[in-house]
Amino acid sequence: MSSPTRRRAHAGPSRGRRGLLALGISAALVRPRRAPAAEPIRQPAAPGPEAFMARAVEMREVALAGGDQGYGAVVVRDGRVVGEAPSRVVTAGDPTAHAETEAIRDAARRLGTRDLSGCVLYSTSPPCAMCETAAYWARIERLVHGPALADSGAPRYGGC
Ligand SMILES: [Zn+2]
């Protein structure tokens with residue numbers, strides 16, 4: 001456990017709320033994002049790669065039904081779906097809200113950690129370079145994509 005002095009030395013001088021406001025920086029910008037109340041994830045009756053990909057395809061259907069791009073993804077750890085998401089690029093107006101990245105964010109929120117070691121990311125399409133890099137930083141173990149369950153192995157930094 002680091003002392004406050006040591007933490008300050010590492011993170012730079014603490015400006016405090018008044019210091020941020022003096023710099024024209026809203027305190028809301030540095031406040032951690034709160035996780036919205038997540039509904040429990042419905043687990044497949046017979047867990048396995050086909051069932052996990054089927055759930056990713058369901059997420060794709062959710063995206064299409066909502067008027068978004070046709071992509072879906074799930075994150076699996078120890079045989080359980082721990083994160084899932086459709087593409088939200090159009091509905092959220094966020095060019096980075098690809099299904100894979102959204103599923104990674106969902107898993108991190110639900111598990112309460114940014115370390116997704118041991119997780120497998122199932123995606124309806126081959127992940128783009130951004131999503132593969134996000135999986136790398138999240139320490140996702142393997143990428144599996146497409147209805148044929150193609151195994152892309154471990155994510156690579158900046159790989160594509
Ligand atoms: Zn992507």
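The values are calculated or read from the model by the stated rules, or taken from the named source; none is laboratory data. As the structure is a prediction and not an experimental result, all values here were calculated from the model. As a convention, Cβ positions derive from the backbone with ideal geometry for all residues, glycine included, and neighbour counts pool all protein chains shown.
Only one entry of Ala148, Ala99, Ala73, Ala103 meets the criterion of being within 19 Å of Met53 (Cβ to Cβ) and out of contact with any strand residue (DSSP E or B) (no Cβ under 9 Å at 6 or more places or on another chain), and that entry is Ala148. Kindly evaluate Gly19 against the criterion of being surrounded by 10 or more Cβ atoms within 10 Å (Cβ to Cβ) and modelled with pLDDT of 75 or more. In short, yes. Just to be sure before I move on: is Glu102 outside any loop (DSSP other than H, G, I, E, B), farther than 22 Å from Ala138 by Cβ, modelled with pLDDT of 95 or more and of a type outside the set (Phe, Trp, Tyr) in the structure I sent? For Glu102, the condition - outside any loop (DSSP other than H, G, I, E, B), farther than 22 Å from Ala138 by Cβ, modelled with pLDDT of 95 or more and of a type outside the set (Phe, Trp, Tyr) - is not met. For segment 116-137, filtering for residues that are touching a residue at least 24 places away in the same chain (Cβ under 8 Å) and either of a type outside the set (A, V, I, L, M, F, W, C) or more than 13 Å from the ligand (Cβ to nearest atom) (or both) leaves 13.
Scanning segment 78-99 for residues that are of a type outside the set (D, E, K, R) and part of a strand (DSSP E or B) turns up Val81, Val82, Gly83, Ala85, Pro86.
Yes/no matrix, rows are residues, columns are (1) modelled with pLDDT of 95 or more; (2) farther than 21 Å from Ala38 by Cα; (3) crowded, with 18+ Cβ neighbours inside 10 Å; (4) not basic (Lys, Arg):
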{"residue": "Glu61", "(1), (2), (3), (4)": "yes, no, no, yes"}
{"residue": "Thr91", "(1), (2), (3), (4)": "yes, no, no, yes"}
{"residue": "Leu121", "(1), (2), (3), (4)": "yes, no, yes, yes"}
{"residue": "Thr133", "(1), (2), (3), (4)": "yes, yes, yes, yes"}
{"residue": "Arg142", "(1), (2), (3), (4)": "yes, yes, no, no"}
{"residue": "His145", "(1), (2), (3), (4)": "yes, yes, yes, yes"}
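Could you check Arg110 against (1) assigned to a helix (DSSP H, G or I); (2) within 10 Å of the ligand (Cβ to nearest atom); (3) surrounded by fewer than 19 Cβ atoms within 10 Å (Cβ to Cβ) and say which number it fails? So Arg110 meets the others, but not (2). Of everything in segment 107-133 that's β-branched (Val, Ile, Thr) and touching a strand residue (DSSP E or B) at 6+ places or on another chain (Cβ under 7 Å), which residue is nearest to Pro40 (Cα to Cα)? Looking at residues that are β-branched (Val, Ile, Thr) and touching a strand residue (DSSP E or B) at 6+ places or on another chain (Cβ under 7 Å), I get Val120. Annotation: of all residues in segment 63-86 being within 16 Å of the ligand (Cβ to nearest atom) and acidic (Asp, Glu), the one that is surrounded by the fewest Cβ atoms within 10 Å (Cβ to Cβ) is Asp68.
Remark: pairs (first residue in segment 90-110, farther than 20 Å from Pro126 by Cβ and among the small types (Gly, Ala, Ser); second residue away from the ligand (no atom under 11 Å from the Cβ) and at pLDDT 95 or above; Cβ separation under 7 Å; 6+ apart in sequence or on different chains) = Ala108/Arg114; Ala108/Leu116; Ala108/Ala138.
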